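Visitor: Below are the structure tokens for one structure; questions will follow.
The values are calculated or read from the model by the stated rules, or taken from the named source; none is laboratory data. Quick caveat, the model's predicted, so the values are computed rather than measured. Cβ placement follows ideal geometry from the backbone for every residue including glycine, while neighbour counts extend to all protein chains displayed. Accessible surface areas use protein heavy atoms only, side chains included; no ligands, DNA or RNA. Shrake-Rupley method; radii C 1.70, N 1.55, O 1.52, S 1.80 Å.
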Amino acid sequence: MNPDLLKLQAYPFEKLAALKAGITPPKDKPPITLSIGEPQHSAPSIVMEELIAHLHGLSSYPATRGTRGLREAFSQWVIRRFALPSRLLDPDRHVLPVNGTREALFSFAQAVIDRNTRPLVVMPNPFYQIYEGAALLAGAEPWYLNTLADTGFIPDFARVPAAVWERTQLVYICSPGNPSGAVMDTQSLQELIGLADRHGFIIASDECYSEIYPKDAPAPTGLLAAAAAMGRDDFKSCVVFHSLSKRSNVPGLRSGFVAGDAEVLDKFLRYRTYHGCAMPPPIQAASIKAWGDEQHVRENRALYSEKFAAVLRILQPVMDVQPPAAGFYLWPYTHFDDQVFARRLYAEQNVTVLPGSYLSRTDQHGLNPGQNRVRIALVPSLEECVDAAERISEFVRGL
Ligand SMILES: Cc1ncc(COP(=O)(O)O)c(C=O)c1O
């Protein structure tokens, strides 16, 4: 067996199941799950109908690079969304379909890491767990960059030692961030691009929450917009990851795309051809429809905004919790052990949240930035979110 498999940690939801084992929550309170970031608003009917209308496409093998129409849908969306000059994104060179960003974030590391030179992969801490597993199975060592409240949960690249940069081949960033919802601004993205030039690494920018932001707020910027604003027309070293899962409430569709550096994507396409992960034709058709429509995305944002307003009205008087810049999570400070908090909340209120330390690692100084925080995903209905917030409030007041 591949010995690197032994380096993989239990996934956070396995740890959560172990934490809850043996507890019988109160039967008079229906269970509410706020631990998993699985969108639950309804999927847009135009997308579902398009999927059904193209089921006949199952009779042919899809190309790994997708249809030209699909790649045009990606590039046109990126151009519109990030106000980029259309000449910058060639559908034949700068975009590729992926079957959700999860597999893409994983397989990307397998394609770009040179395992012969003691590679490091820098990632935020806490982080989406795939970055770490991807690094380990690519033969690299993860290097965790704590994202703490003192920098608004934005990675502070000045904290990365020069010796680390020397060995870094890949940097994952997540903006808007999971779990904090923090959005990196143009300046910090450009600072990272400057570092990529100096040290020769590739940036993988996970932007799968980019469309979930408060309905009256400006849309979060992204890595390609930051690169273009520097006059960097070739997106050198920059690759972004976008997904329909959160934007269009279709996590089961497994549909996303990558965009950016044409040379890197050319190599990634080669990897994917052998990896064998082409997007099924009906999903390609449904994806074209989804990327071409913004009405359902606006409605989706409005639902989240309503939930944040209602839940924060209940929680802010009793908890240290701030509205996030984007995304659909709250990341409150619990003031005591996050596992104890999550376990007791479940035992007393039948509400499940995710202990923050399950999403983070202890750094070289013994600090775990997820400690004493929990992640609360506002994915259920407004009524359930309000019910959960009232139960959390009761729990916190009783501590
Ligand atoms: C930060 C982050 N990136 C990527 C993903 C993967 O999303 P998908 O594979 O559905 O595109 C998730 C899913 O929860 C996530 O939270």
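Condition check ((1) in contact with a helix residue (DSSP H, G or I) (Cβ under 8 Å, 6 or more places away or on another chain); (2) outside any strand (DSSP E or B)) across all residues:
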| residue | (1), (2) |
| --- | --- |
| TYR131 | yes, yes |
| ALA134 | yes, yes |
| GLY139 | yes, yes |
| TRP143 | yes, no |
| ASP150 | no, yes |
| PRO155 | yes, yes |
| ALA163 | no, yes |
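Visitor: In addition: Out of LEU244, LEU303, report the one residue that is modelled with pLDDT of 95 or more, surrounded by fewer than 24 Cβ atoms within 10 Å (Cβ to Cβ), under 27 Å from ALA43 (Cα atoms) and touching a Leu at 6+ places or on another chain (Cβ under 9 Å).
Guide: On the way: LEU244 fails: surrounded by fewer than 24 Cβ atoms within 10 Å (Cβ to Cβ).
Answer to the selection: LEU303.
Visitor: May I pose another question? Test ALA182 against the stated conditions and say whether it is within 27 Å of TYR271 (Cα to Cα) and open to solvent by less than 20 Å² (accessible area, probe 1.4 Å).
Guide: Values: within 27 Å of TYR271 (Cα to Cα): no; open to solvent by less than 20 Å² (accessible area, probe 1.4 Å): yes.
Criteria not met by ALA182.
Visitor: When you go through (1) closer than 22 Å to PRO220 by Cα; (2) among the charged types (D, E, K, R); (3) away from the ligand (no atom under 13 Å from the Cβ) one by one for LYS246, which number turns out not to apply?
Guide: Failed condition: (3).
Visitor: So, one more: Could you go through the stretch 166-188 and let me know if any residue there is more than 16 Å from the ligand (Cβ to nearest atom) and hydrophobic (A, V, I, L, M, F, W, C). Spell out the reasoning first.
Guide: Keep residues of the stretch 166-188 that are more than 16 Å from the ligand (Cβ to nearest atom), which gives 166-169, 185-188.
Within this subset, residues satisfying the condition of being hydrophobic (A, V, I, L, M, F, W, C) are none.
So far as the stretch 166-188 goes, no, none of its residues is more than 16 Å from the ligand (Cβ to nearest atom) and hydrophobic (A, V, I, L, M, F, W, C).
Visitor: Do you know which residues across the stretch 377-399 are open to solvent by 40 Å² or more (accessible area, probe 1.4 Å) and assigned to a loop (DSSP other than H, G, I, E, B)?
Guide: Within the stretch 377-399, SER381, GLY398, LEU399 meet the criteria.
Visitor: Scanning the stretch 73-129 for residues that are closer than 19 Å to SER175 by Cβ and assigned to a strand (DSSP E or B), which turns out nearest to the ligand (Cβ to nearest atom)?
Guide: The qualifying residue nearest to the ligand (Cβ to nearest atom) is VAL98.
Visitor: Within the stretch 216-228, does at least one residue satisfy the condition of being hydroxyl-bearing (Ser, Thr, Tyr), open to solvent by 10 Å² or more (accessible area, probe 1.4 Å), over 24 Å from LEU120 (Cα atoms) and more than 17 Å from the chain's Cα centre (by Cα)?
Guide: The initial filter retains those residues of the stretch 216-228 that are hydroxyl-bearing (Ser, Thr, Tyr), namely 221.
If we keep only those that are open to solvent by 10 Å² or more (accessible area, probe 1.4 Å) too, we end up with 221.
From the residues that got through so far, the ones that are over 24 Å from LEU120 (Cα atoms) too are 221.
If we keep only those that are more than 17 Å from the chain's Cα centre (by Cα) too, we end up with none.
No - not one qualifying residue is present in the stretch 216-228.
Visitor: Which ones in the stretch 351-369 are under 23 Å from ARG391 (Cα atoms) and open to solvent by 10 Å² or more (accessible area, probe 1.4 Å)?
Guide: Matches in the stretch 351-369: SER357, TYR358.
Visitor: Now for a separate question. Taking GLY252 and the conditions (1) away from the ligand (no atom under 15 Å from the Cβ); (2) under 30 Å from GLU49 (Cα atoms); (3) open to solvent by 10 Å² or more (accessible area, probe 1.4 Å), which numbered condition does it fall short on, given that it satisfies the others?
Guide: For GLY252, the failing item is (1).
Visitor: Now a separate question. Just give me the residues in the stretch 126-144 being under 19 Å from ALA325 (Cβ atoms) and of a type outside the set (Phe, Trp, Tyr), in sequence order.
Guide: In the first step, residues of the stretch 126-144 are kept if they are under 19 Å from ALA325 (Cβ atoms); the result is 126-128.
Scanning the stretch 126-144 gives a single hit, PRO126.
Visitor: A further question on this structure: Within the bounds of the stretch 33-44, is there any residue that is touching a strand residue (DSSP E or B) at 6+ places or on another chain (Cβ under 9 Å) and open to solvent by 70 Å² or more (accessible area, probe 1.4 Å)?
Guide: Yes, the stretch 33-44 contains at least one residue that is touching a strand residue (DSSP E or B) at 6+ places or on another chain (Cβ under 9 Å) and open to solvent by 70 Å² or more (accessible area, probe 1.4 Å).
Visitor: State the number of residues belonging to the stretch 275-296 that are away from the ligand (no atom under 15 Å from the Cβ) and over 24 Å from SER59 (Cβ atoms). Spell out how you get there, then give the answer.
Guide: Within the stretch 275-296, the subset away from the ligand (no atom under 15 Å from the Cβ) is 275-276, 278, 280-282, 284-285, 288-289, 292-296.
Pick out the ones that are also over 24 Å from SER59 (Cβ atoms) and you get 292-296.
Count: 5.
Visitor: Can you tell me which of ALA278, ALA290 is aliphatic (A, V, I, L, M) and surrounded by 22 or more Cβ atoms within 10 Å (Cβ to Cβ)? Give the steps one after another, and end with the answer.
Guide: Working: ALA278 fails: surrounded by 22 or more Cβ atoms within 10 Å (Cβ to Cβ).
Sole residue among the options that is aliphatic (A, V, I, L, M) and surrounded by 22 or more Cβ atoms within 10 Å (Cβ to Cβ): ALA290.
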